[in-house]
Amino acid sequence: MQTRNRPLMIAMPKGRIFEEAVALLRKAGYPLPPEFEESRKLVIDVPEADMSFILAKPTDVPTYVEYGVADLGVVGKDVLLEEERDVYELLDLQISYCRLCIAGLPDWKPTRSPRVATKYPNVASAYFRQQGQQVEVIKLNGSIELAPIVGLADRIVDIVSTGQTLLENGLVELETITQVSSRLIANQVSYRMRREEIQSMIKRLKAVVEGKHD
Ligand code: PRP
């Protein structure tokens, strides 16, 4: 599936990480066209950089990379932990910082094993198991904060960035499971077959990432 002749294919997450990832690539010297952000196209060729980009749903980025459709991908650590795909994690891009938290209504009193609503059923189950707590995990696909407000769940496990969504919905952050930032990931075969191009990209991105913190 991987050939040396095709452009380097990079899977990018549509949504909140996208703009920061594009800015990082530009700073690293990749000439992404100005219309890159506005386009509704899902595959964008950038022949000047000998690259193509796939715009995928964030949770699907590791899937495109694992199957070799994309050589590289940019994805949040939260998704990597949840999806457990066979990909190499190459670099912490130090963008899109947030945290994966347990949150809930401030006055909830446990009367039975709690129900926990989340987009991250694997991470949540593993975390509560480790803590020796029995919970019922309910998988939702978004607007997780709704679940405790309307009585579907007692707790949520979700991403907190500014904390505004929790605040506006009367919820409080109770525990941090892990800090999250975006990562550069690679397909395992591409990493061997296109090592030079990938190493050069890591080097360029690393220079920007490390420069940021000087
Ligand atoms: C994420 C997350 C929270 C919110 C946190 O949702 O699931 O709901 O952002 O951000 P904040 O702390 O800055 O308020 P997203 O916007 O990705 O949409 P979703 O709820 O549909 O998943």
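Only strands (runs of 3 or more DSSP E) wholly contained in the stretch 143-214 count here; list those with 3 or more residues that are touching an Asp or Glu at 6+ places or on another chain (Cβ under 8 Å). Quick ask: steps written out before the conclusion?
Values: elements: 155-160, 172-180, 182-186.
Filter on the stretch 143-214 gives 155-160, 182-186.
From the list 93, 105, pick out the single residue that is touching a helix residue (DSSP H, G or I) at 6+ places or on another chain (Cβ under 7 Å) and more than 21 Å from residue 168 (Cβ to Cβ). Going through 93, 105 in turn, just one is touching a helix residue (DSSP H, G or I) at 6+ places or on another chain (Cβ under 7 Å) and more than 21 Å from residue 168 (Cβ to Cβ): 93. Looking only at the stretch 112-124, residues that are part of a strand (DSSP E or B), more than 16 Å from the ligand (Cβ to nearest atom) and either modelled with pLDDT under 95 or not basic (Lys, Arg) (or both) come to 0 in all. Elements of the type strands (runs of 3 or more DSSP E) sitting completely within the stretch 9-111 and holding at least 2 residues that are under 30 Å from residue 151 (Cα atoms) and either in the same structural domain as residue 163 (by TED's automatic domain parsing) or open to solvent by 60 Å² or more (accessible area, probe 1.4 Å) (or both): these cover 98-104. Within the stretch 128-143, can one find any residue that is farther than 28 Å from residue 74 by Cα, surrounded by fewer than 22 Cβ atoms within 10 Å (Cβ to Cβ) and among the acidic types (Asp, Glu)? Yes: the stretch 128-143 contains one or more residues that are farther than 28 Å from residue 74 by Cα, surrounded by fewer than 22 Cβ atoms within 10 Å (Cβ to Cβ) and among the acidic types (Asp, Glu).
Going by the conditions given, is residue 184 of a type in the set (A, V, I, L, M, F, W, C), within 14 Å of residue 106 (Cβ to Cβ) and touching a strand residue (DSSP E or B) at 6+ places or on another chain (Cβ under 9 Å)?
Values: of a type in the set (A, V, I, L, M, F, W, C): yes; within 14 Å of residue 106 (Cβ to Cβ): no; touching a strand residue (DSSP E or B) at 6+ places or on another chain (Cβ under 9 Å): yes.
Taking the combined requirement at face value, the residue does not satisfy it.
The values are calculated or read from the model by the stated rules, or taken from the named source; none is laboratory data. Remember, it's a predicted structure, so these values are computed and weren't measured experimentally. Cβ sites come from the backbone with ideal geometry, for glycine too, and all protein chains shown count toward neighbours. Please note that ligands, DNA and RNA were not included when accessible areas were found on the heavy atoms of the full protein model with its side chains. Shrake-Rupley method; radii C 1.70, N 1.55, O 1.52, S 1.80 Å.
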